[in-house]
Structure formats: C-alpha cells, structure tokens
Amino acid sequence: MNYESLKLEKQICFPLYASSRAVTALYRPLLDEFDITYPQYLVLLVLWETDKIPLKEIGEKLFLDSGTLTPLLKKMESSGLLTRDRSDQDERSLVVSLTTKGKKLQKKAVCIPERLLEESGLTPEKVEGLKRDLDDLLIILEQKLRNSA
C-alpha cells in the first residue's frame, strides 16, 4: 500500500486551516483596538454593506447557521453595535440593523484591510489572486455540500 497521499504535506486542508488561524491571529490585535472579535467583524462587514438585513441572509453570506449566529448577535446587541427586531413582513424573521455606534465603527475600521495587508507582507496582487482562488474553491465545495445534503 502507498501511504504517500496521507502525508501532511500532501493535504490541502492543512494549509487552509493553518492559514486561517494565522490570518485570524493577525486580525486579533487590530480588532482588539475596536473591542470586537473576528466573527463580530465579519458580521459588521455584512451590515456595513447592507444594513437592516434578515438574520437568514447574514447566515447565508457568512456560511453560518442561526445556532452559531444568534449568540454572536446577542453579544453584539448587548455591546450596542446592532439591534435585532422582528420583521414587519414576517414575524418569524429577525432583521438585524446597525446602531449609531455600529455605523460609527465603520469609519474607524476602514484602516483594517490596509493594515492587515501590511502585516501579511503580501502584495495586493498576491492577495487578490489568493482571494480569487479561495472564492472559486469555496463555490465548488459549497455546491458539493449542497448536492450531498
């Protein structure tokens, strides 16, 4: 039997996992300045693009289920960054909106992507290429997951 394929260096999952951890670690000190976590930053990115959005849409954009998202949003609500209200159109649906504090944070956080790029040591072109490749991979994997469900 050939166990070559089981070597760690042959796995795509490991560099993805380790890179994700490293990038999140680079974000941590930047986000600490704003007293937010990386998952909270992701939620804010969605809300800064589209305020007053259903919880379900946030989950779809971030690939998170409501069981994961709800405690995160509750914490963000208690820190004054957003509100969660029942939809006027569908009482079963929650709509998430930024507060004034959440909106003001966007102006302060605009420096984060540039600072992360500096911290990474990568060129903007390299980051754009990596992002394109990872987006392609994510689309393929999500389609596989949907088809197998």
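Rule-based calculations on the coordinates, nothing more; no lab input. Here the structure is a predicted model, which is why all the values come from computation and not from measurement. Neighbour counts run over all protein chains shown; Cβ positions are idealised from the backbone, glycine included.
In table form, for the structure just shown:
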| read-out | value |
| --- | --- |
| Region 87-131: C-alpha gyration tensor shape, a/c 1.5 cut-off, then a/b vs b/c | oblate |
| Hits among lysines - C-alpha to C-alpha of Lys56 under 16 Å, sequence gap 8 or more where chains match | Lys74 |
| Length gained when the stretch Gln106-Glu125 is fully extended (0.36 nm per residue, less Cα-Cα span) | 4.4 nm |
| Cα centroid separation, region 22-71 to region 94-132 (Å) | 11 Å |
| Gained length - Ser87 relative to Ile12, 0.36 nm times residue gap less alpha-carbon distance | 22.8 nm |
| Spherically averaged projected area of the chain from its Cα convex hull (nm²) | 11.9 nm² |
| Amide hydrogen neighbours beyond the local backbone of Leu82, cut-off 5 Å, H modeled | Glu77, Thr99 |
| Mean residue ellipticity (222 nm) of the chain, computed from DSSP H runs ≥ 4 via -39,500 (n - 2.57), nearest 500 | -21000 deg cm²/dmol |
| Footprinting exposure proxy for Val110, Val23, Val96, Val46 (fewest neighbouring C-beta atoms within 10 Å first) | Val110, Val23, Val46, Val96 |
| Fully extended contour minus Cα-Cα distance, from Tyr3 to Leu62, at 0.36 nm per residue | 17.7 nm |
